[in-house]
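Chemist: Sharing a structure, written as structure tokens. Questions coming.
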Amino acid sequence: MTSKLILSLEGRILREYPLDRPKMTIGRKPANDIVIDNLAVSGVHAQLLAEGETFRLQDLNSTNGLTVNGTSETDCVLRNNDLIGLGKFRLKFIQSNADADDLDKTMLIRRPQPSGTPAPAASVASLKVLNGAHAGQVLTLSKPETTVGKAGQQVVVIMRQPGGYVLSQREGADPVHLNGVAVGLNSSPLRSGDRLEVAGVEMQFQQV
């Protein structure tokens, strides 16, 4: 399978682009490999460079810049499931050789199977690991419930609800901290940019 980018607008998939060239450009002009015909996108907005098994995203001095998982970037190596933002458009990066369960195994993240009909998400959300050996990895919160932590130490559950995402602590004598404040037994709504620490792993909640 070839790595690819999936272009979407407000949750609606528009097109898939296989990353099958050493260099590919993104922009409004028709000559680009990935064309996004929108005034918020510069004529030649960004480029993707293949570096072995990885891909580097570079902003080409665009007018409005770009984001990766909600954070402004000018030059970065993409990771599986990264979400690139250009105005209202999104490009999701899918890496061909990624192990979809790698982050789950490393952080002991357990995703229970949904029962009944899942609640619709308000928008795409994810957790980005900020420290440790897996810093920079991103976990997409695509399930109605995502459980994060280490069994017997600290465990939290992040619930997807129609109005957004809510964090609750499920296990652990020591309280989990959200933006430096102990959560305790209370449920806390999550907002984009919130930082949480669970079992020594620092993460940032991102919603776009």
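Chemist: Cβ-Cβ distance below 6 Å, separation of 6 or more or different chains: which pairs start in the stretch 189-202 with a residue that is touching a residue at least 40 places away in the same chain (Cβ under 8 Å) and end on one that is basic (Lys, Arg)?
Modeler: Final answer for the pair search is 199/150.
Chemist: Counting only residues that are open to solvent by 70 Å² or more (accessible area, probe 1.4 Å) and of a type in the set (Asp, Glu), give me the strands (runs of 3 or more DSSP E) lying completely in the stretch 161-208 with at least 2 of them.
Modeler: Numbers: elements: 164-171, 188-190, 195-198, 201-207.
Ranges flagged: none.
Chemist: From the residues in the stretch 108-154 that are outside any loop (DSSP other than H, G, I, E, B) and open to solvent by 20 Å² or more (accessible area, probe 1.4 Å), which one is modelled with the highest pLDDT?
Modeler: 128
Chemist: If we scan the stretch 42-51, do we find a residue that is assigned to a strand (DSSP E or B), open to solvent by 60 Å² or more (accessible area, probe 1.4 Å) and in contact with a strand residue (DSSP E or B) (Cβ under 9 Å, 6 or more places away or on another chain)?
Modeler: First, pick out the residues of the stretch 42-51 that are assigned to a strand (DSSP E or B): 46-51.
Checking which are open to solvent by 60 Å² or more (accessible area, probe 1.4 Å) leaves us with 51.
Remaining after also requiring in contact with a strand residue (DSSP E or B) (Cβ under 9 Å, 6 or more places away or on another chain): 51.
The answer is yes; a qualifying residue exists.
Chemist: For the stretch 35-77, give me each residue that is of a type in the set (A, V, I, L, M, F, W, C) and touching a His at 6+ places or on another chain (Cβ under 9 Å).
Modeler: Step one: filter the stretch 35-77 for residues of a type in the set (A, V, I, L, M, F, W, C), giving 35-36, 39-41, 44, 46, 48-50, 55, 57, 60, 66, 68, 76-77.
Of everything in the stretch 35-77, those that are of a type in the set (A, V, I, L, M, F, W, C) and touching a His at 6+ places or on another chain (Cβ under 9 Å) turn out to be 36, 60, 66.
Chemist: Which residue pairs have Cβ atoms closer than 8 Å, lie 6 or more positions apart in sequence or on different chains, and pair a first residue in the stretch 6-20 that is within 16 Å of residue 32 (Cα to Cα) with a second residue that is assigned to a loop (DSSP other than H, G, I, E, B) and open to solvent by less than 90 Å² (accessible area, probe 1.4 Å)?
Modeler: What qualifies is 7/36; 17/33; 18/2; 18/3; 19/2; 19/3; 20/2.
Chemist: Determine which member of the set 67, 74 is under 20 Å from residue 127 (Cβ atoms), of a type outside the set (A, V, I, L, M) and open to solvent by 30 Å² or more (accessible area, probe 1.4 Å). So that I can check it myself, show each step before the final result.
Modeler: Working: 74 fails: under 20 Å from residue 127 (Cβ atoms).
Testing whether each residue is under 20 Å from residue 127 (Cβ atoms), of a type outside the set (A, V, I, L, M) and open to solvent by 30 Å² or more (accessible area, probe 1.4 Å) leaves just 67.
Chemist: Do you know which of the residues in the stretch 52-73 that are assigned to a strand (DSSP E or B) and in contact (Cβ under 8 Å) with a residue 24 or more places away in the chain is farthest from residue 17 (Cα to Cα)? Even if it seems obvious, please write down each step before you answer.
Modeler: Of the stretch 52-73, the ones assigned to a strand (DSSP E or B) are 54-59, 66-68, 71-73.
Imposing the further condition that a residue be in contact (Cβ under 8 Å) with a residue 24 or more places away in the chain reduces the set to 54-55, 57, 67, 71.
On the way: 54: 16, 55: 14, 57: 15, 67: 19, 71: 23 Å.
Per the criteria, the residue is 71.
Chemist: Take residue 81 and decide whether it is open to solvent by less than 70 Å² (accessible area, probe 1.4 Å) and modelled with pLDDT under 90. Steps first, please.
Modeler: Values: open to solvent by less than 70 Å² (accessible area, probe 1.4 Å): yes; modelled with pLDDT under 90: yes.
Criteria met by residue 81.
The values are calculated or read from the model by the stated rules, or taken from the named source; none is laboratory data. The shown structure was predicted, so the numbers you read here are calculated from the model rather than taken from an experiment. We place every Cβ from the backbone using ideal geometry, glycine too, and count neighbours over all the protein chains shown. Heads up: the accessible areas ignore ligands, DNA and RNA and are worked out on the full protein's heavy atoms, side chains in. Shrake-Rupley method; radii C 1.70, N 1.55, O 1.52, S 1.80 Å.
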